[in-house]
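Heads up: the structure comes next, in structure tokens.
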Amino acid sequence: MDKIRLRFAPSPTGALHIGGVRTALYNYLLARKEGGTFVLRIEDTDQSRYVPGAEDYIINALKWLGMEPDEGPGFGGEYGPYRQSERKDIYQKYTQQLIDQGDAYYAFDTAEELEQARQKDVTFKYDAGARMQMRNSLSMKPEEVEKAMAEGLPYVIRLKVPDSETVLFTDVIREEVAFDTAELDDKVLLKADGMPTYHMANIVDDHLMKITHVIRGEEWLSSTAHHVLLYRFLGWEDEMPTFAHLPLILKPSPESYLNKSTTPVLAKRMAQEFARRQPDEAKGYESKAENLALQAFQDKKNLTTHLKEKDKDDAQKAAFKAFLKSALYGKLSKRDGDRLGFPVFPLSWEGETAEDSFIGFREYGFLPEATLNFLALLGWNPGDEREMFDKAALIDAFSLERVNKAGTKFNIDKARWFNQQYIIKSDNAYLAEQLRPMLKEKGYAPDEVFLLQFIELMKERAVTLPDFVENGYYFFERPRGYEEKMIKKRWKPERHTLFTELVDGLEQLPDFSAEAIKASSEAFMEKHGLKFGEVLPMLRLANAGTMKGPAVFEMMELLGKEEVSQRMRSAFNAFDDIAQS
RNA sequence: GGCCCGUUCGUCUAGGGGUUAGGACGCCAGGUUUUCAUCCUGGUAGCACGGGUUCGAAUCCCGUACGGGCUACCA
């Protein structure tokens, strides 16, 4: 059997969404598992949505996760070019073939006319029933068509969907799926600007690039019947690729994050976003919107009931309810990251505005290995109880048959857990590499030995990379403040002198090791009849300012004698003030 | 609205005629660590509903409900 060939075919309209990354991953995994080829194809047929930099972003994201394409723009391959905008004439040729065969036709309807038709009838479909009423080469006389063409009237080419037959295809994940062509519309194949639509381009390219498996999101399931028709008309049905439609990644359910503290914030944010995105409907409705959201959120058990549109709703209310519904439920979207405070993109994206800029998993502090592992399990499982998988294990275990059918709600907590696990088992030197830039940004430049020990001490206490810096900042600078509660409870100003004696003792230590510090502290405690609980918290607080952190004596060893002594002497003065306040 | 797809703990899922319905995250409790975290132990909680088929249904069939996708000269 020939080697399998898979493709990831994103469109360069901005940052690559996490769902797209997972699609790429499944394509990549299957290609690697079967010793096949992983192709990257850029679907840039919509010039109006083209965003410069998006293609680089896609490639960088794939590289970050270790999924380099075997073929693609900049990667070589014998089936190029791999950008659809560079393949225009190829599509035109095949579209012409369909015209000649009578399987496609010219249509001259303007955007306005189509818009009107849809407005008159919401269920309007450009199909066998409607096409003779429209302006196209089927309804017009040949000479009218010729005249229109001669005049240079803009036209599109549409697929002539057969009247009434059943299109059946097999999906690896969903098994048999059937569509009646009577339900299908005459999809545009070639747009007025001469560019193909997705439907035409993807069939032609998949065939020409000898793609054997099409793994894509479920949003494509509905148009697959059109695609089958296209394969048939082009005479390629026998070599049609295997289809696999992936379950979608969904937003977390509102019930999981709505609580007393998030409710008011989210209600306000929703009202503001509504005002920004739909200014006309929102005009003068801002405060009412916030109230409505607040009420609905507070009664989260009946949230869907609150959002149901009622007959007596005015237009603004209905519009806001619809907006809320789409913001709260459904496919995970780029806005959800901002709204809920977690990344939905692999890498950060700098858009034109802050509105259009998003943080990535990388910048949020995720390790690529963890991101990959987490993503792989979003809709797939190995069939046993393992869940920690490196790339090689993933390649070994992956199969399309074990991909789920149902949509998967995004769960940031599980993602964070994965990241924590990966941080714990990562090499300190590797983590040091990741941490260096973050440290530098804060103005910290520890030497390598110090950094490695710092990581060793902190790695079990970090969920994301920035946690190292945020929770362990006091390794690089003096404590910014002291946790007062413990001081008020435990610090006795009359013991100030006593504690100074402890510092004196520590300063005499020839070897400032954790063991020596411990021994010296224990001797001190014994001499003065003090308990661990009376001394250790003070040592911790004096050096770190917080009660959270690694073992005290090890922390002190890393800080060094000089630093510890200074920190403690000045801390005790501060403790006196706090205790007396 | 129409068409298509789906539904097992709060979430991700295993299980596909006879199971004490298993695991993971989260949460709760206990232990270890005189902090925090890690780690260990335990607990919490689930087959959407209604009909069939069957000796027996979470599992098969039909319907309902609910969720999702599509319904562009976007992909």
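Among residues belonging to the range A:21-52 that are free of Cβ contacts under 8 Å to residues at least 60 places away in the same chain and assigned to a helix (DSSP H, G or I), point out the one that is surrounded by the fewest Cβ atoms within 10 Å (Cβ to Cβ). Quick ask: steps written out before the conclusion?
Within the range A:21-52, the subset free of Cβ contacts under 8 Å to residues at least 60 places away in the same chain is A:24, A:28, A:31, A:34-35, A:37-38, A:40, A:42, A:44, A:48-52.
So of that shortlist, the ones also assigned to a helix (DSSP H, G or I) come out as A:24, A:28, A:31, A:48-49.
Details: A:A24: 27, A:Y28: 27, A:A31: 26, A:S48: 6, A:R49: 12.
Only one residue tops the list, namely A:S48.
Within the range A:271-292, being open to solvent by 50 Å² or more (accessible area, probe 1.4 Å) and in a helix (DSSP H, G or I) holds for A:Q272, A:R276, A:R277, A:P279, A:D280, A:E281, A:E286, A:S287, A:K288, A:E290, A:N291. Within the range A:368-397, residues that are farther than 24 Å from A:R174 by Cβ sit with their Cβ atoms under 6 Å from residues that are within 9 Å of RNA strand B (Cβ to nearest atom), at 6+ positions apart or across chains, in these pairs: A:A370/A:F418; A:N373/A:F418; A:F374/A:A415; A:F374/A:F418. Residues of the range A:353-379 that are touching a strand residue (DSSP E or B) at 6+ places or on another chain (Cβ under 6 Å) and closer than 17 Å to A:L465 by Cα: A:G360 alone.
Are any residues in the range A:293-309 buried (at least 16 other Cβ atoms within 10 Å of the Cβ) and either outside any helix (DSSP H, G or I) or touching a His at 6+ places or on another chain (Cβ under 7 Å) (or both), and if so, which ones? The one that is buried (at least 16 other Cβ atoms within 10 Å of the Cβ) and either outside any helix (DSSP H, G or I) or touching a His at 6+ places or on another chain (Cβ under 7 Å) (or both): A:A296. Within the range A:177-189, does at least one residue satisfy the condition of being of a type in the set (G, A, S) and more than 8 Å from RNA strand B (Cβ to nearest atom)? Yes, the conditions are met somewhere in the range A:177-189. Restricting attention to the range A:213-245, the residues that are more than 14 Å from RNA strand B (Cβ to nearest atom), open to solvent by 10 Å² or more (accessible area, probe 1.4 Å) and either among the β-branched types (V, I, T) or closer than 30 Å to A:N302 by Cβ (or both) add up to 1. A:Y91 meets each of the listed conditions (1) in contact with a strand residue (DSSP E or B) (Cβ under 6 Å, 6 or more places away or on another chain); (2) away from RNA strand B (no atom under 16 Å from the Cβ); (3) assigned to a helix (DSSP H, G or I) apart from (2). Scanning the range A:327-365 for residues that are open to solvent by 30 Å² or more (accessible area, probe 1.4 Å), within 16 Å of RNA strand B (Cβ to nearest atom) and not in a helix (DSSP H, G or I) turns up A:Y329, A:G330, A:K331, A:S333, A:G341.
Scanning the range A:509-529 for residues that are in contact (Cβ under 8 Å) with a residue 12 or more places away in the chain and either open to solvent by 60 Å² or more (accessible area, probe 1.4 Å) or of a type outside the set (F, W, Y) (or both) returns A:L509, A:S513, A:A514, A:E515, A:I517, A:K518, A:S520, A:S521, A:A523, A:H528. Taking first residues from the range A:128-146 that are within 9 Å of A:A107 (Cα to Cα) and partners that are open to solvent by less than 40 Å² (accessible area, probe 1.4 Å) and in a helix (DSSP H, G or I), the Cβ contacts under 7 Å between residues at least 6 apart in sequence or on separate chains come to A:S137/A:V145; A:L138/A:R131.
Is there a residue being open to solvent by 30 Å² or more (accessible area, probe 1.4 Å), more than 15 Å from RNA strand B (Cβ to nearest atom) and either in contact with a Pro (Cβ under 7 Å, 6 or more places away or on another chain) or outside any helix (DSSP H, G or I) (or both) anywhere in the range A:449-468? Within the range A:449-468 (the criterion being open to solvent by 30 Å² or more (accessible area, probe 1.4 Å), more than 15 Å from RNA strand B (Cβ to nearest atom) and either in contact with a Pro (Cβ under 7 Å, 6 or more places away or on another chain) or outside any helix (DSSP H, G or I) (or both)), the answer is no, since none of the residues qualifies.
Put simply, of A:T166, A:T212 the only residue that is of a type in the set (V, I, T) and out of contact with any Leu (no Cβ under 9 Å at 6 or more places or on another chain) is A:T166. The residues of the range A:246-270 that are within 17 Å of A:T304 (Cα to Cα), within 16 Å of RNA strand B (Cβ to nearest atom) and in a helix (DSSP H, G or I), listed by number, are A:P254, A:E255, A:S256, A:M270.
Conditions tested, residue by residue: (1) surrounded by 13 or more Cβ atoms within 10 Å (Cβ to Cβ); (2) within 30 Å of A:L400 (Cα to Cα); (3) assigned by TED's automatic domain parsing to the domain that holds A:E237.
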site	(1), (2), (3)
A:Y94	yes, no, yes
A:S139	yes, no, yes
A:A148	yes, no, yes
A:L159	yes, no, yes
A:D163	no, no, yes
A:V177	yes, yes, yes
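For the range A:390-434, the tally of residues that are in a loop (DSSP other than H, G, I, E, B), within 11 Å of RNA strand B (Cβ to nearest atom) and within 14 Å of A:L375 (Cα to Cα) stands at 4.
In the range A:100-118, the qualifying residues are those that are assigned to a loop (DSSP other than H, G, I, E, B) and either among the β-branched types (V, I, T) or within 13 Å of RNA strand B (Cβ to nearest atom) (or both), and the one that is most open to solvent (accessible area, probe 1.4 Å) is A:T110. In the set (1) surrounded by 15 or more Cβ atoms within 10 Å (Cβ to Cβ); (2) more than 24 Å from A:T123 (Cβ to Cβ), the condition left unmet by A:G152 is number (1). Listed by first and then second residue, the pairs with beta-carbon distance under 7 Å, at least 6 apart or on different chains, first residue in the range A:328-357 and closer than 23 Å to A:W64 by Cα, second within 16 Å of RNA strand B (Cβ to nearest atom) and open to solvent by 70 Å² or more (accessible area, probe 1.4 Å), are A:V344/A:K334. Sub-8 Å Cβ pairs linking a first residue in the range A:555-567 that is surrounded by 14 or more Cβ atoms within 10 Å (Cβ to Cβ) to a second residue that is in a helix (DSSP H, G or I) and small (G, A, S), at least 6 apart or interchain, are A:M555/A:A544; A:M556/A:A514; A:E557/A:A514; A:R567/A:A542, ordered by first then second residue. Being away from RNA strand B (no atom under 16 Å from the Cβ), basic (K, R) and outside any helix (DSSP H, G or I) is a property that holds for A:K210.
The values are calculated or read from the model by the stated rules, or taken from the named source; none is laboratory data. Just so it is clear, the structure is predicted and the values come from calculations on it, not from any experiment. Counting neighbours? That spans all protein chains shown, and the Cβs are built from the backbone with ideal geometry, glycine included. In case anyone asks, the SASA skips ligands and DNA or RNA and just uses the protein heavy atoms, side chains included. Shrake-Rupley method; radii C 1.70, N 1.55, O 1.52, S 1.80 Å.
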